[in-house]
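Colleague: Please read through the structure below; I'll follow up with questions.
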Amino acid sequence: MAEVFVFGQVRGASGFPQRSLFCTWEAIHGAGWRLLRGAGDGRTHVDAPAPDHDVTWAHPLDMHFAVQSMQGWPKLGFKVYHQDDFGRNELYGYGVCHIPMSPGSHTLECACCQPSTSGIESFYQSLVGGSLQLKSDDAVHTQVDRFKLKTKTMGTVHVQLNIVTRGFEAYGIEM
Amino acid sequence: MADGEAGVFHMLVTGAVECGHFPTYNNLYCKYTIVFGDHWTATAGIEEGVSQIASRSSHHPGEFVWNFPIDITLKSQLPRGWPQIVVAVYGLDMFGRDIVRGYGTCHLPVTAGHHTLKIPTFAPRPTTRLQHILGWFLGQRPEFYESTFVAAGEGREVVRVRSHGHVIVKCNVAFKDFHRLGFHNAPSNQN
């Protein structure tokens with residue numbers, strides 16, 4: 001059985017309208033993949049950076065996968081939240097980043113978007129705050145019902161990943 | 001190949017915590033720790049160290065040069081729990097008390113060769129304004145119980161931080177037997 005080691009960091013974020021941010025992340029993978037060791041999801045700290053500084057999370061990831069099928073190569077799903085001075089959390093965006101197949105070190109940028117609405121609902125939203133959320137996070141990384149959604153551009157999550165593979169050449173797979 | 005009979009690979013890291021960039025502080029020193037998973041052991045070298053106190057120069061405001069050497073050899077059977085370098089920067093406040101100015105962490109490089117790591121740093125924030133004011137008077141600023149807390153993902157969700165500054169680490173990495181054990185850390189498109 002082939003193995004994939006994924007380790008690195010959710011480094012931080014930039015380009016979001018407010019700066020007191022945190023994110024939750026999860027690894028999404030197909031049925032032929034098994035997470036042998038390491039956390040498959042997590043939540044970062046809340047960072048309110050100094051004025052000239054990007055949001056820094058430095059949240060380490062370390063995952064060890066056993067692979068039976070190349071189908072369903074893992075992705076990382078992110079949900080970025082803004083935490084205000086009263087400790088209220090507001091969803092700022094969804095993002096998905098594909099874990100690279102090639103071994104080595106990779107710096108990735110994951111663009112995020114937020115579900116949006118038009119008309120009277122956005123007016124309410126501007127008065128009372130809060131944001132729209134998806135009923136199911138699956139819509140972010142699948143094609144189902146995507147055409148019904150309306151989204152707006154938010155910022156970017158920065159990820160640094162190192163990939164080490166073992167045993168793929170025994171099955172004739174080149175990476 | 002089972003874990004027990006897989007043999008081990010070695011990783012040699014040599015370099016230095018070169019400098020830090022902290023625009024609003026003075027008189028800073030840096031502590032580094034190499035943190036690794038339970039499959040890893042350090043065979044030679046020192047896992048942690050504390051640098052001298054550097055003061056800022058008028059020519060390069062905000063730059064603190066430590067040039068603090070790192071030299072360590074590690075061995076492991078598996079890449080999981082890959083070593084991270086955790087840096088913690090401390091400074092003295094106006095009453096001469098040690099205050100943490102920032103924590104940062106970064107995985108050591110996965111490929112052999114020379115690497116420059118830029119490690120952004122962050123310091124924990126007090127939960128309330130009152131604690132902030134009391135902390136200033138009493139010298140009890142929030143800090144992590146262990147600086148290696150930042151090398152793990154658990155418990156991070158309850159922490160609020162303010163990020164500020166970064167540390168530059170330069171290092172050279174070499175491997176022994178990494179490829180012999182079947183691990184790939186670079187694309188195999190040469191042939």
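Colleague: Give the average, rounded to an integer, of partner chain Cβ atoms located within 10 angstrom of each Cβ in A:38-45. Don't skip to the answer; put the middle values down first.
Modeller: Values: counts 4, 3, 0, 1, 5, 5, 5, 12.
Mean partner shielding for this stretch: 4.
Colleague: Could you work out, residue by residue across B:100-109, how many beta carbons of other chains sit within 10 Å of that residue's beta carbon, and then give the average as an integer?
Modeller: On the way: counts 0, 0, 1, 1, 2, 4, 6, 10, 1, 2.
Average per residue, whole number: 3.
Colleague: May I ask for the longest run of chain B untouched by trypsin sites (Lys or Arg not before Pro) that are loop-located per DSSP and have at most 15 neighbouring C-beta atoms (other than their own) within 10 Å? Display every interim value, and only then the final one.
Modeller: On the way: sites that count: B:Arg97, B:Arg180.
Result for the longest clean stretch: B:1-96.
Colleague: On average, how much accessible surface per residue is there in the range B:89-182, in Å², for a 1.4 Å probe, leaving out ligands, DNA and RNA? Could you put the intermediate results ahead of the total?
Modeller: Numbers: 4870 Å² over 94 residues.
Here the per-residue accessible area is 52 Å².
Colleague: Moving on to the next point. Need one number: buried accessible surface between chains A and B, 1.4 Å probe, both sides summed, DNA, RNA and ligands left out, in Å² to 100. Walk me through the intermediate numbers first.
Modeller: Working: alone 10100 and 11020 Å², together 17830 Å².
That pair of chains buries around 3300 Å² in total.
Colleague: Roughly how large, in nm² to one decimal, is the mean projection of the convex hull of the alpha-carbon atoms in the range B:3-181? Spell out each step's value before the answer.
Modeller: Numbers: hull surface 45.3 nm².
Value for the range B:3-181: 11.3 nm².
Colleague: May I ask you to list the GluC sites (Glu not before Pro) in the range A:71-175 that are in a DSSP loop and have at most 11 other Cβ atoms within 10 Å of their Cβ? Walk me through the intermediate numbers first.
Modeller: Details: sites: A:Glu90, A:Glu109, A:Glu121, A:Glu169, A:Glu174; in loops: A:Glu174.
Sites meeting the loop and neighbour criteria: A:Glu174.
Colleague: How many Cβ atoms of partner chains, on average, are near each residue of A:56-68 if near means within 10 Å of its Cβ? Could you put the intermediate results ahead of the total?
Modeller: Details: counts 12, 5, 15, 6, 12, 2, 10, 1, 5, 0, 0, 0, 0.
The mean count of partner-chain Cβ atoms within 10 Å per residue comes to 5.
Colleague: Find, among the chymotrypsin sites (Phe, Trp or Tyr not before Pro) in the range B:68-173, those assigned to loop by DSSP (not H, G, I, E, B) with at most 13 other beta-carbon atoms within 10 angstrom. List each step's numbers first, then the result.
Modeller: Details: sites: B:Tyr90, B:Phe95, B:Tyr103, B:Phe122, B:Trp136, B:Phe137, B:Phe144, B:Tyr145, B:Phe149; in loops: B:Phe95, B:Phe144, B:Tyr145.
Passing both the DSSP loop test and the Cβ count: B:Phe95, B:Tyr145.
Colleague: Could you list which residues have their amide H under 5 Å from that of B:His166, counting only those 5 or more apart in sequence or on another chain, with H placed in the peptide plane?
Modeller: For B:His166, whose amide H was placed from the backbone, the distant partners under 5 Å are B:His21, B:Thr121.
Colleague: Do any cysteines of the protein assembly as shown lack a neighbour Cys whose Cβ is under 4.7 Å away, and which are they?
Modeller: A:Cys23, A:Cys112, A:Cys113, B:Cys19, B:Cys30, B:Cys106, B:Cys171, each lacking another Cys Cβ under 4.7 Å.
Colleague: Mind checking which lysines have their C-alpha under 20 Å from A:Lys150, skipping anything on the same chain fewer than 8 residues away?
Modeller: List returned: A:Lys79, A:Lys135.
Colleague: Roughly to the nearest percent, how much of the accessible area of the protein assembly as shown is carbon and sulfur, given a 1.4 Å probe? Mind showing how you got there, number by number?
Modeller: Details: 9380 of 17830 Å².
In the protein assembly as shown, the share of accessible area belonging to carbon and sulfur is 53 percent.
Colleague: How many nm is it between the label spots at A:Val128 and B:Ser188, if each spot is 7 Å from the Cα in line with the beta carbon?
Modeller: Between A:Val128 and B:Ser188, the label points sit 5.8 nm apart.
Colleague: Could you do me a favour and compute the accessible area per residue for the range A:20-106, 1.4 Å probe, result in Å²?
Modeller: Values: 3370 Å² over 87 residues.
Roughly 39 Å² per residue, with all protein chains present.
The values are calculated or read from the model by the stated rules, or taken from the named source; none is laboratory data. All values derive from a computational prediction rather than experimental measurement. As a convention, Cβ positions derive from the backbone with ideal geometry for all residues, glycine included, and neighbour counts pool all protein chains shown. What goes into the accessible areas is simple: the full protein's heavy atoms, side chains included, and nothing from ligands, DNA or RNA. Shrake-Rupley method; radii C 1.70, N 1.55, O 1.52, S 1.80 Å.
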